[in-house]
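The values are calculated or read from the model by the stated rules, or taken from the named source; none is laboratory data. As the structure is a prediction and not an experimental result, all values here were calculated from the model. Backbone-built Cβ (ideal geometry, glycine too); neighbour counts: all protein chains shown. The area values use the complete protein model at the heavy-atom level, side chains included, leaving out ligands, DNA and RNA. Shrake-Rupley method; radii C 1.70, N 1.55, O 1.52, S 1.80 Å.
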Amino acid sequence: MNFDSVTKPLKHQQIAQLVVSALEFYGGEAHLDEIIKKVLQLNCQIFEHSKTPEAEIRDAIQKYSSDSKKYRYTDLFQSVYGVNAGKGVWRLRDYSKDDINVSLKEYGDSFNKATSVVQAVPVRLVQRDFRAKLIKKYKSTCPLTGITIPLFLVASHIKPWSKSNDFERQDVDNGILLSVHFDKLFDCGEISFNNEGKILYKSEIIESLVNDNFRLLNNQIQVNERMRDYLSWHRDYFNY
């Protein structure tokens, strides 16, 4: 296996990961022009020595979609117009973690020793599956603010990804669908929730910030026993 035969597929994977992020930014579906613009915003360094970054992005999308004659790898992207991929509107396909792992295994094993990028796409898709579960559970609505715009909704882990095992990372009870500003406060431990689901504030400053500047429809979320266990971990971790 020569150097180019390794580096080119790895770059395709890196671009595919960026495309996944770009599509998530647009709520799962976007025109090719929007995807290209967002990918370049996310990481322009990957195209530092490329004269045609737009063509490379388009090529990577098509190599990760069975709706294209260039399809070679994992079937990540779906052309909204089917085989007529030239119209350039793409969306993310839905996959379970097992589906992704099986479909990447044969291809990924060849490059595991060269880079950790191989694992980036399945991790991203596991996170997307977790988000899909929370969107269904919360009916696409932040329980605190009532915001329903997908772009402003974040699948917040109660026990963070980095601290969770494989089951906990995908457990819908380990998550809350929060609007971006409350997700940031929760992720940093500036807010938490008690066993009844009532919002807790780390300080009076944060409480005043929320009350004076944020639109809060409810100060309480619905919780079950499993969520109480995760929330107890969150409160302990952030010293409530």
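Estimated from the Cβ-Cβ distance and a Förster radius of 35 angstrom, the FRET efficiency linking LEU40 and ILE206 is about 0.45.
CYS188 exposes around 70 Å² of accessible area when a 1.4 Å probe is run over every protein chain in place.
Computed from backbone phi with θ = phi - 60° and the Karplus coefficients 6.51, -1.76 and 1.60, the 3J(HN,Hα) list for segment 185-191 is 5, 5, 5, 8, x, 6, 10 Hz; x is used for glycine and proline.
Here the label points at ASN218 and LYS11, each 7 Å from Cα along the C-beta direction, are separated by 4.9 nm in the simple model. Applying the Karplus relation 6.51 cos²θ - 1.76 cosθ + 1.60 with θ = phi - 60° to segment 225-236 yields 3J(HN,Hα) values of 4, 5, 5, 4, 5, 5, 5, 4, 4, 4, 5, 5 Hz, where x marks Gly and Pro. Karplus-based coupling profile of segment 45-54, in residue order and whole Hz: 5, 4, 9, 4, 9, 9, 8, 9, x, 4, with θ = phi - 60° in 6.51 cos²θ - 1.76 cosθ + 1.60 and x standing for Gly or Pro. Label zone (TYR81, point 7 Å along Cα-to-C-beta; backbone nitrogen cut-off 11 Å) within segment 11-52: 32.
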